[in-house]
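Here's the structure we're looking at; comments come further down.
The values are calculated or read from the model by the stated rules, or taken from the named source; none is laboratory data. Since the structure is predicted, the reported quantities are computational estimates derived from the model, not experimental observations. Positions of Cβ are backbone-derived with ideal geometry, glycine not excepted, and every protein chain shown enters the neighbour counts. Areas reflect the complete protein model, heavy atoms only, side chains present, ligands, DNA and RNA absent. Shrake-Rupley method; radii C 1.70, N 1.55, O 1.52, S 1.80 Å.
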Amino acid sequence: TESCAPAVSGFKRPELNKSWILPFLAVAFVALALLPSNGYVAYALIAIAGVVTILNAPIGVAAVVISVPLQEAYTVPFVRGDLTYTQVLLAGLVLGWAVTFYRYRIWLDSVVLGFLAIFSAFSISLVAMDDPGLWFGEVYRWAAAAIFFVVCRSVLRSWADIVPSVWAMVAGVLGVSAHAFWQLLNGAGP
């Protein structure tokens, strides 16, 4: 059947200028991170990271990469404990990716099969575990790595997509090195 709507030739929907959105969200993330501890800040930070991932997934990956060197330095209060910024950003990345996963191809390669083999070994070792806390902690670490790998493998499809993560890695290393040098000069650290 034909549509009753008349065809309009040459009509193009105006494009929304999104160049201001990512810098605005970055400033909002930093501002929220500097607020006094509040239980709702983690939810807001996860939501911001999710929106950034929906708008530009390679930037969401780069945000997780830059947070890794500071993983233990800063935390955000959550329901029964604290979350690191890497955990917050990873949760936002996964949520944003889950909303838009239909855009991406999910690869089933040897690394993913290796992760599946590790999870099989974990499930078998469940009956012989001594300490549930240690077991769940190890499963979480491997699951976070597996999920991050799957998201990166599906999102980073070209060299242009990889560039933000490379710059984030450089910035994270330089930032941690500068902080360590400051600690050395002032005798203020481990």
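Excluding the sites themselves, what is the longest stretch of the chain that contains no trypsin sites (Lys or Arg not before Pro) in a DSSP loop with at most 16 other C-beta atoms within 10 Å?
Longest stretch, sites excluded: 19-79.
Per the 1.4 Å probe, what fraction of the accessible area of the chain, in percent, lies on carbon and sulfur atoms?
Answer for the chain: carbon and sulfur cover 70 percent of the accessible area.
Report the one residue of Gly175, Leu185, Pro164 whose Cα lies farthest in the direction of the positive end of the charge dipole of the stretch 93-188 (charges on C-beta: Lys and Arg +1, Asp and Glu -1; origin at the Cα centre).
Value computed over the given set: Pro164.
Would you list the P(r) distribution for the stretch 89-190, with all Cα-Cα distances sorted into 10 Å bins from 0 and each bin expressed as a whole %?
The distribution over the stretch 89-190 is 12, 28, 29, 23, 8, 0, given as percents.
Please give the charge dipole size of the stretch 89-190, origin at the Cα centre, charges +1 on K and R Cβ atoms and -1 on D and E Cβ atoms. Round to the nearest 20 debye.
Once rounded to the nearest 20, the dipole reads 420 debye.
Charges on Cβ only, +1 for Lys and Arg, -1 for Asp and Glu, centred on the Cα centroid of the chain; of Val94, Gly114, Pro132, which one is farthest towards the dipole's positive end?
Projecting each Cα onto the dipole axis, the largest value belongs to Val94.
Could you give me the ³J(HN,Hα) list for the stretch 159-174, computed from phi with Karplus coefficients 6.51, -1.76, 1.60 and θ = phi - 60°, whole Hz, x at Gly and Pro?
Here the 3J(HN,Hα) series is 4, 5, 6, 7, 3, x, 5, 5, 5, 5, 5, 4, 5, x, 5, 5 Hz.
For the stretch 38-126, what D do you get in µm² per second when you plug the Kirkwood radius from alpha-carbon pairs into Stokes-Einstein at 20 °C and 1.002 mPa s?
D, rounded to a whole number, is 148 µm²/s.
Roughly how tilted is helix 21-34, in degrees to the nearest 10 and between 0 and 90, from the longest Cα axis of the chain?
For helix 21-34, the angle is close to 30 degrees.
Compute the accessible area per residue over the chain, keeping the other protein chains in place, probe 1.4 Å, unit Å².
68 Å²
Based on the alpha carbon coordinates of the chain, what radius of gyration and maximum Cα-Cα distance (Dmax) apply, in Å?
Cα only, the chain: 20.7, 78 Å (Rg, Dmax).
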